[in-house]
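Below: one structure, written as structure tokens.
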């Protein structure tokens, strides 16, 4: 089991004809994924342009959906949750500021693309039950070794090791 903290609009993007339908579709997929994998998921959406005057949240199974209040961005809500430090979060965001903040707080940042590939692979595993074996969801096609640096060239950096450990939990 893992605790996932997701920047919602970072995962779905904002180029949709019906943004509400895209949000609902993402929440439905995350609920199915959390039921499959047993993860506690918190997804945060921006409400800073046209949200409510207070922060709004609701829970669906093991998935918590949070809408930031009017005038507040999801980034500040995510930072506040990470600063509370109650759970060992895996932070899903391609926003460098959030990833760096999570890394400084000793949480595992994962990009939206990396998580999205695991999300859809996990959901495909549900629908393709007649396939032989589970799909390999750990290989994202990137090389495992970093660029040439001092020290053992075959040993991963601490940051890479922490990220791979987080990805294996997904």
Quiz prompt | Output for the stretch 97-106, where each listed residue is surrounded by fewer than 21 Cβ atoms within 10 Å (Cβ to Cβ) and within 18 Å of residue 158 (Cα to Cα) | solution = 99, 100, 101, 103, 104, 105, 106
Quiz item: Any idea which residue in the stretch 35-51 is surrounded by the fewest Cβ atoms within 10 Å (Cβ to Cβ), counting only those that are over 16 Å from residue 119 (Cβ atoms) and touching a strand residue (DSSP E or B) at 6+ places or on another chain (Cβ under 7 Å)?
Solution: 51
Exercise. Assess whether residue 37 counts as being more than 13 Å from the chain's Cα centre (by Cα), closer than 25 Å to residue 168 by Cα and in contact (Cβ under 8 Å) with a residue 40 or more places away in the chain.
Key: yes
Quiz item: Does any residue of the stretch 107-117 turn out to be over 15 Å from the mean Cα position of the chain (by Cα), more than 16 Å from residue 11 (Cβ to Cβ) and at pLDDT below 95?
Solution: no
Self-check item: Residue tally, condition without any contact (Cβ under 8 Å) to a residue 24 or more places away in the chain and outside any helix (DSSP H, G or I), over the stretch 101-114
Solution: 3
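Name the single residue that is farthest from residue 22 (Cα to Cα) among those in the stretch 52-79 being touching a residue at least 60 places away in the same chain (Cβ under 8 Å) and either in contact with a strand residue (DSSP E or B) (Cβ under 6 Å, 6 or more places away or on another chain) or loosely packed, with under 12 Cβ neighbours inside 10 Å (or both).
Top of the filtered list is 78.
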Quiz prompt | Pairs, first in contact (Cβ under 8 Å) with a residue 60 or more places away in the chain and on the phi < 0 side of the Ramachandran plot in the stretch 157-170, second surrounded by 13 or more Cβ atoms within 10 Å (Cβ to Cβ) and assigned to a helix (DSSP H, G or I), C-beta under 6 Å, six or more apart | solution = 170/118
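So which residues in the stretch 12-34 are in contact with a strand residue (DSSP E or B) (Cβ under 8 Å, 6 or more places away or on another chain) and more than 15 Å from residue 118 (Cα to Cα), if there are any at all?
23, 27
The values are calculated or read from the model by the stated rules, or taken from the named source; none is laboratory data. Here the structure is a predicted model, which means the values were calculated and not measured. Positions of Cβ are generated from backbone atoms using ideal geometry, with glycine treated the same way; all protein chains shown enter the neighbour counts.
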